[in-house]
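Below: the structure, in structure tokens.
The values are calculated or read from the model by the stated rules, or taken from the named source; none is laboratory data. Just so we're clear, the structure is a prediction, and the values are computed from it rather than from any experiment. Cβ atoms come from the backbone with ideal geometry, glycine included; neighbour counts cover every protein chain shown.
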Amino acid sequence: MSSPLLSLRGISKSYGQVHANQGIDLDVAPQSIHAILGENGAGKSTLMKLIYGVERPDAGDIMWQGQPVHLSSPAEARRQGIGMVFQHFSLFETLTVIENISLVVPGRKSELVDRMRLLGKDFGLEVDPFAHVHSLSVGERQRVEVIRCLMTNPKLLILDEPTSVLPPQSIENLFDTLRWLRDSGVSVLFISHKLEEIRSICDRATILRAGRVTGNAVPREHDAHDLARMMIGRDMPHTSPAVAMPTGEKRLQLMGLTWQPDDPFAMPLSNVNLTVRAGEIAGIAGISGNGQSELTTLISGETVLPASQAKQINMMGEVAGHLGAAERRRLGFAFVPEDRIGRGAVPEMSLTRNSMLTAHPLGLLRRCMVDMHAAEEFTARCIRTFDVRTSGPGSEAGSLSGGNLQKFIVGREIMLSPKLLLLAQPTWGVDVGAAAAIRQRLMALRNEGMAIIVISEEIEELFELADFIQVLRGGTLSEPLVTAGTRPEEIGRYMIGAEARPAGAVA
């Protein structure tokens, strides 16, 4: 048996009283695809930062190709042969593809173009070197990230949630590339919450829980439920099927919504029509960058329509296009934004003070003064109900892992008991157990008569939740498809423009 390409022994990392990694041992074999599994807050991201040189361990040893190394920076990691593609891309949108690559890869631009094209052809990652990044689809941007890593000649490639922004057709292309890389001599560390993908692509898996290694497995020898149980230490929450509901009142109507944003890199919206009734979950699918952000700001009231277009948005039976965010919330609207840091929460503020941002009408103010006791009780209840892993209501929002902060924000908005709830990427970065619990709660709220809109790039999530799905592409929303009468492949084809209009659309 060959010696490991990468070995970690006794790796520990703490941030104050929080022990992110504790005595971790890990071996990554040459020419292997190795999964790292764990709940939110299990220590996966911290461990990857230690391997890539973003952070330095408090204790333990890192062995690279049998020799001890000290990875003091990402540049040092790249010199050793370690590359990483982060979940949120690190490309400059106003630069061309080749300009972005030249920031990391040394060499003359003409030589880099030739290398890029050769690698693109060999690995099925073709993309125009002279295209500006802002003009590329998310799948094309991911190709740029991967090919930029490959141009540093890595022996180990770290991928963090690489399929979260891809339609089904592109995922299999990515997996073919990863298998080709493995067979060509590159090892891959693969982080994903999609357990069927882990079973499909990975040779080995290491399971983390509460910062410690709790087991190792060969993924294809276990089904997804076994892997989930290993990961979260308990059985998965069961999602009850949707209960047929009588047609309820219209809670949201978008009628020919058309918007030309001031930002030249934003996506204009054209003739968008959407109706959501009480007791319905509407799913909106689409590859990132096709108008999702613009649509959410228009529905939430962050972007206000001029008076001449106000009737294009009707909320709870009232003309709402001209209303601001606070006025729409007073009508019974609640919102979970895609960007949890900055729009969903203020990282420097405590969870209690973050609760006050949207929950203050629920008795958290008395005579215009903050009732801190009531606010802390509300926050503590949210933490308990939604299993937010934190030391308490006084914790800063920025100290939570991304998944735990997402659970807090989703919980805070659900506890408002809104008539209409909009969630953008509700389970992005949330572990499989917590994601199932969130979906279970949304189904229960739908069955109780709430109107819900879910914007997600996870097609499986939309098929589990939504009564109907509409596809957003190029700022245009398709006609609705009844979820029970369509297939993920049909949605995927429309997402990439292979169909002008999805078959089976409801009249």
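Assess whether residue 447 counts as being under 28 Å from residue 477 (Cα atoms), outside the structural domain of residue 195 (by TED's automatic domain parsing) and touching a residue at least 12 places away in the same chain (Cβ under 8 Å).
Values: under 28 Å from residue 477 (Cα atoms): yes; outside the structural domain of residue 195 (by TED's automatic domain parsing): yes; touching a residue at least 12 places away in the same chain (Cβ under 8 Å): yes.
So residue 447 fits the description; yes.
Can you tell me which residue within region 414-424, out of those that are surrounded by fewer than 24 Cβ atoms within 10 Å (Cβ to Cβ) and of a type outside the set (Gly, Ala, Ser), is farthest from residue 207 (Cα to Cα)?
Only one residue fits best here, namely 419.
If you take the residues of region 472-485 that are in contact with a helix residue (DSSP H, G or I) (Cβ under 8 Å, 6 or more places away or on another chain) and free of Cβ contacts under 8 Å to residues at least 60 places away in the same chain, which of them is surrounded by the fewest Cβ atoms within 10 Å (Cβ to Cβ)?
478
Can you name the residue in region 359-398 that is of a type in the set (S, T, N, Q) and closer than 16 Å to residue 413 by Cβ and, of all such residues, is farthest from the chain's Cα centre (by Cα)? Steps first, please.
Kept after step one, since they are of a type in the set (S, T, N, Q), are these residues of region 359-398: 379, 385, 390-391, 395.
From what's left, closer than 16 Å to residue 413 by Cβ: 379, 385.
Details: 379: 24, 385: 22 Å.
Once the filter is applied, the top-ranked residue is 379.
Considering region 472-493 alone, what residues qualify as being of a type outside the set (D, E, K, R), modelled with pLDDT under 90 and not in a loop (DSSP other than H, G, I, E, B)?
Selection gives 484, 485, 488, 491, 492.
Need the failing condition index for residue 441 against (1) under 22 Å from residue 292 (Cβ atoms); (2) assigned to a helix (DSSP H, G or I), just the number.
(1)
Just one of the numbered conditions (1) surrounded by fewer than 22 Cβ atoms within 10 Å (Cβ to Cβ); (2) hydrophobic (A, V, I, L, M, F, W, C); (3) part of a loop (DSSP other than H, G, I, E, B) is not true of residue 388; which one?
Status for residue 388: all satisfied but (1).
What's the number of the only condition in (1) in contact with a Phe, Trp or Tyr (Cβ under 9 Å, 6 or more places away or on another chain); (2) without any contact (Cβ under 8 Å) to a residue 24 or more places away in the chain that residue 310 fails to meet?
So residue 310 meets the others, but not (1).
Got a sec? Which of 452, 496 is among the hydrophobic types (A, V, I, L, M, F, W, C), closer than 23 Å to residue 334 by Cα and touching a residue at least 12 places away in the same chain (Cβ under 8 Å)?
On the way: 496 fails: closer than 23 Å to residue 334 by Cα.
Testing whether each residue is among the hydrophobic types (A, V, I, L, M, F, W, C), closer than 23 Å to residue 334 by Cα and touching a residue at least 12 places away in the same chain (Cβ under 8 Å) leaves just 452.
Kindly evaluate residue 40 against the criterion of being polar (S, T, N, Q), within 28 Å of the chain's Cα centre (by Cα) and closer than 17 Å to residue 189 by Cβ. Break it down into steps so the answer makes sense when it comes.
Working: polar (S, T, N, Q): yes; within 28 Å of the chain's Cα centre (by Cα): yes; closer than 17 Å to residue 189 by Cβ: no.
So residue 40 does not fit the description; no.
Could you please give the count of residues in region 301-347 that are of a type outside the set (Ser, Thr, Tyr) and more than 28 Å from residue 288 (Cα to Cα)? Before you say what the answer is, go through the steps one by one.
Keep residues of region 301-347 that are of a type outside the set (Ser, Thr, Tyr), which gives 301-302, 304-307, 309-347.
If we keep only those that are more than 28 Å from residue 288 (Cα to Cα) too, we end up with 307, 316-319, 327, 330-331.
Summing the residues that are of a type outside the set (Ser, Thr, Tyr) and more than 28 Å from residue 288 (Cα to Cα) in region 301-347 gives 8.
Using the structure shown, decide if residue 469 is closer than 25 Å to residue 161 by Cβ, touching a residue at least 24 places away in the same chain (Cβ under 8 Å) and not in a strand (DSSP E or B).
Values: closer than 25 Å to residue 161 by Cβ: yes; touching a residue at least 24 places away in the same chain (Cβ under 8 Å): yes; not in a strand (DSSP E or B): no.
Judged against the criteria, residue 469 is not a match.
Filtering region 337-352 down to residues that are modelled with pLDDT under 95 and not in a loop (DSSP other than H, G, I, E, B), which residue is surrounded by the fewest Cβ atoms within 10 Å (Cβ to Cβ)?
341
Among the residues of region 250-291, which ones are under 22 Å from residue 467 (Cβ atoms), modelled with pLDDT of 90 or more and part of a loop (DSSP other than H, G, I, E, B)?
Within region 250-291, 278, 279, 280 meet the criteria.
Need at least 1 residues that are crowded, with 23+ Cβ neighbours inside 10 Å and in contact with an Asp or Glu (Cβ under 8 Å, 6 or more places away or on another chain) per element, so show me which helices (runs of 4 or more DSSP H) inside region 1-120 make the cut, counting only ones lying wholly within it. Before the answer, list the steps.
On the way: elements: 44-51, 74-80, 97-102.
Fully inside region 1-120 and qualifying: 44-51, 97-102.
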